[in-house]
């Protein structure tokens, strides 16, 4: 057998033993073993180890003590036998041995006793116990005789241990000397003197002590003791188990509140127990829950409010409108939605700067809040746009409220740097009468009415009229409809790609596919200009197909095989089951690895989408594609929908990233989103990174990927490498 | 005669001083009429010729006896055979008719003298004379032991209830044993004699003596004695509370009740007297001896109470 085979065999056996040990409850990696069982098993194991070790030590020590004592005893018995044997040596009469035997019978340990003649060969007398009947009779060896008689006149007692069959015998031997003083009459006798004495060897004594019976008795005692110890040990284990269970009960009681906490129930409170350590855990948990709840509330506040005006933000407002839609549906009451746009705000911003503009917005927010009721909702929608939800009002009352706002604004003067400005606004009103329209549609209605008010000369209000508005919209869209149809027909769309950089590996993870439309020669129309119209005229799915087809065709030529494509999808496309099926087939045809395809879906679109869109998203996820939630600002998290949506990554809302350096609130939000994603096991993308400071900040906050003009501008595919290579 | 008495008193005085220095009480006994000795009449010696004093070697204890004899005999001559050397020459000279008495000191000298059958020989400083020397009217000896009569007298004084004593010796001491028994009987003490062959047997017999035996008189029989045997014997005697009268003072340290020792001078005097007065006794005993008592042993054996009461 070669060394390798031997090594392999040993390794295999070791692995097998390891697996067997893993099956034992104590070493099992299953996490359903209770602490009490584990502790008791461990104690049992240690108890057994300690017990066997103690037993071994006890056996060894007691055996040694018995052996030494018996050897000493054997020496004493030899001396006694020496004295008893005097008449035997004097008379040389074997009958004397009977008396000696009678005396020796009282020593049960003495196996045999023999008296030899001066040569150590001739047996003068012998005694054997009943047990020693079979003990063979061996005369002393020449070596033994020589050794014992070497020191003349001295009774040297030699002791050794021998084994006769199953029995261990301690064998003691000694010479029998007689001595006399040399000087006649002992006239110069000195008791302590050194005058020599004559010595004469008259025989030898051999005595055997049965050592086995002591060992047997010891084994019996240990066995009895072990039984008793086992009973006591079992009793103690049982009592220990009960005690341990009692101690661990407070810990068990933590299970339910912890499970509720894991499910997100922040109302849970952990009861304090009588055990100090567990009470400390309970206190710590309660503190943690309280802190998390507070932080959660703070995050909600941050997520739901505009950091500048402290008005509710777009997400919260959208939720409120959704809620209002349900109320309206239930109560048959009507409510109104105002879209307010400040007139000439841009001029103030440009002349006095952004800070002045911000201060103006704050004051306007206060005016709006002062005019509406407490339960009406005022929100800043971005820039100088505000929206107001006025609940439980009819058209007339809504107009009265809007007029009130207009009057307040007319009376308001904004003074800054010694200049005074009269601030006016345009208000578009749409009535919420049923759940027929979505929030976006209602907002668009109010927005359209507001635009109409602006067109009518500003500082006025317009009530949304569907017929009038549609007519206006048709006028605006009719051009785009034709352009979109022509662009699809003539392939007048252009795709640009912008890298999304993995901040850890510094490698491109995805290229975001950005759509452009070719306008006049040399003109590229951005998507914001035509995607709305595409949606309204039902081109969105077709445009999506065009984008995906063309994007996938470029994948084959993509130099970076590890990077994927990130494609924007509308909610309408997701709702189209045929589109989803077509996409699945296309992925198979092109044999692209699905994980290299990421689809970005607007968080807002998901919020307002129907169930079909969610199913489409799940189907895409099922294909193995990556889902990125675009424009994320914790809106879904706050609405509790986040856990139902299959997504892999979050792209942080544009405004949060662009305002990162200026606002601590933005920093906190971005940091919280990164932490949220990390906890959920998702990755994050910070888009619109415009400078190095923002890049380092998002990196510091734990954002995984970044995208923006600072890193790379969108380019056609051919120019990608060169562009990206310019960045370190 | 006056000089003799002065010497005697001087000796007693010296012993007294010595006893004061010793931790044991020592009593030197003066010659006195013992119950047995009164029965034997001394027969004056006929006008003598010369006394031959044969000694063995230059041993001080032999020489001191020889000197005493020479000093106290008008016509005497000293011969030293020095362990067998010059034995024939000495035998030839002493064998002449001009010497009618021979004082032999030590066993070799005694053996030489015993062959001179025509002369009256008294030897001393020999314990184990048998079987080489068979005592007779012309071959007498001075025992190393003091008079048993006197010993028993002292012992009885010390232990009034003493009535059974053992004497253990080697072979060949029948005469001595008989004398001791007789002396014991005179004082109402039954002496039981045992003969042993070696030191082991001495110890064995001592340990197995009947409980009725209250005391043991240790004989200086070197043939059956070893130091270890003596220690063991004494140890046993102490354990069983047996009174032991020993032959050497050193045994008082290990439990003996008393020791009886004779001096060279007392032996010499006894020898001189035996040579001067012919008596039909085979064994003579020195009339003065030291009887040292161990206070510790006395106390242990409960022999002080009666005196205290008295």
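The values are calculated or read from the model by the stated rules, or taken from the named source; none is laboratory data. These numbers come from a predicted model, not from an experiment. With ideal geometry, Cβ positions are generated from the backbone for all residues, glycine too; neighbour counts draw on all protein chains shown.
Values as computed for the structure displayed
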quantity	calculated
When residues of region B:130-144 are limited to those that are in a loop (DSSP other than H, G, I, E, B) and touching a strand residue (DSSP E or B) at 6+ places or on another chain (Cβ under 7 Å), the one surrounded by the fewest Cβ atoms within 10 Å (Cβ to Cβ)	B:138
Cβ pairs under 8 Å, 6+ apart, first in region A:363-391 and closer than 12 Å to residue A:339 by Cα and not assigned by TED's automatic domain parsing to the domain that holds residue A:350, second surrounded by 15 or more Cβ atoms within 10 Å (Cβ to Cβ) and modelled with pLDDT under 90	none
Filter result for residue A:61 (surrounded by fewer than 16 Cβ atoms within 10 Å (Cβ to Cβ), more than 20 Å from residue A:163 (Cβ to Cβ) and at pLDDT 85 or above)	yes
Checklist (1) assigned to a loop (DSSP other than H, G, I, E, B); (2) at pLDDT 80 or above applied to residue A:520, failing item	(2)
Residue B:71 vs. criteria without any contact (Cβ under 8 Å) to a residue 24 or more places away in the chain and more than 14 Å from chain A (Cβ to nearest Cβ)	yes
Residue A:70 vs. criteria within 12 Å of another protein chain (Cβ to nearest Cβ) and either more than 29 Å from residue A:219 (Cβ to Cβ) or touching a helix residue (DSSP H, G or I) at 6+ places or on another chain (Cβ under 8 Å) (or both)	no
Residue within region B:157-177 that is closer than 22 Å to residue B:255 by Cα, part of a helix (DSSP H, G or I) and within 14 Å of another protein chain (Cβ to nearest Cβ) present	no
Residue that is surrounded by fewer than 23 Cβ atoms within 10 Å (Cβ to Cβ) and over 24 Å from residue A:100 (Cα atoms), where the choices are B:172, B:184	B:172
Wholly within region A:333-441, helices (runs of 4 or more DSSP H) carrying at least 3 residues that are under 24 Å from residue A:316 (Cβ atoms)	A:354-371, A:395-411
Index of the failed condition, residue A:300 passing every other in (1) under 30 Å from residue A:662 (Cα atoms); (2) surrounded by 16 or more Cβ atoms within 10 Å (Cβ to Cβ); (3) touching a residue at least 12 places away in the same chain (Cβ under 8 Å)	(2)
Hits in region A:153-173 (condition: away from chain B (no Cβ under 13 Å), within 21 Å of residue A:85 (Cβ to Cβ) and in contact (Cβ under 8 Å) with a residue 24 or more places away in the chain)	A:157, A:159, A:169, A:170, A:171, A:172, A:173
Failed item in (1) assigned to a loop (DSSP other than H, G, I, E, B); (2) at pLDDT 85 or above; (3) exposed (fewer than 14 other Cβ atoms within 10 Å of the Cβ), with residue A:727 passing the rest	(2)
Qualifying residue in region A:94-104 (condition: away from chain B (no Cβ under 14 Å), modelled with pLDDT under 80 and either over 30 Å from residue B:248 (Cβ atoms) or crowded, with 19+ Cβ neighbours inside 10 Å (or both))	yes
Lone qualifier among A:115, A:89, A:127 - being closer than 18 Å to residue A:174 by Cα, within 14 Å of chain B (Cβ to nearest Cβ) and part of a strand (DSSP E or B)	A:115
Answer from B:258, B:268 - the residue that is more than 11 Å from chain A (Cβ to nearest Cβ), crowded, with 24+ Cβ neighbours inside 10 Å and under 25 Å from residue B:192 (Cβ atoms)	B:258
Positions within region B:216-242 being surrounded by 23 or more Cβ atoms within 10 Å (Cβ to Cβ) and more than 13 Å from every other protein chain (Cβ to nearest Cβ), in sequence order	B:216, B:217, B:237
Check on residue A:268, out of contact with any strand residue (DSSP E or B) (no Cβ under 9 Å at 6 or more places or on another chain), surrounded by 17 or more Cβ atoms within 10 Å (Cβ to Cβ) and part of a loop (DSSP other than H, G, I, E, B)	yes
Scope region B:183-201; condition assigned to a helix (DSSP H, G or I) and either within 12 Å of chain A (Cβ to nearest Cβ) or out of contact with any strand residue (DSSP E or B) (no Cβ under 7 Å at 6 or more places or on another chain) (or both); matching residues	B:183, B:185, B:186, B:199, B:200, B:201
Residue satisfying condition, being buried (at least 22 other Cβ atoms within 10 Å of the Cβ), assigned to a strand (DSSP E or B) and within 14 Å of another protein chain (Cβ to nearest Cβ), within set B:127, B:123	B:123
Qualifying position, being within 14 Å of another protein chain (Cβ to nearest Cβ), in a loop (DSSP other than H, G, I, E, B) and either out of contact with any strand residue (DSSP E or B) (no Cβ under 7 Å at 6 or more places or on another chain) or under 25 Å from residue A:112 (Cα atoms) (or both), among A:201, A:191	A:191
Verdict on residue A:199 being surrounded by 13 or more Cβ atoms within 10 Å (Cβ to Cβ) and touching a helix residue (DSSP H, G or I) at 6+ places or on another chain (Cβ under 9 Å)	no
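Listed here are the residues, each with its yes/no results for (1) at pLDDT below 90; (2) crowded, with 19+ Cβ neighbours inside 10 Å.
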| site | (1), (2) |
| --- | --- |
| A:337 | no, yes |
| A:347 | yes, no |
| A:366 | no, no |
| A:397 | no, no |
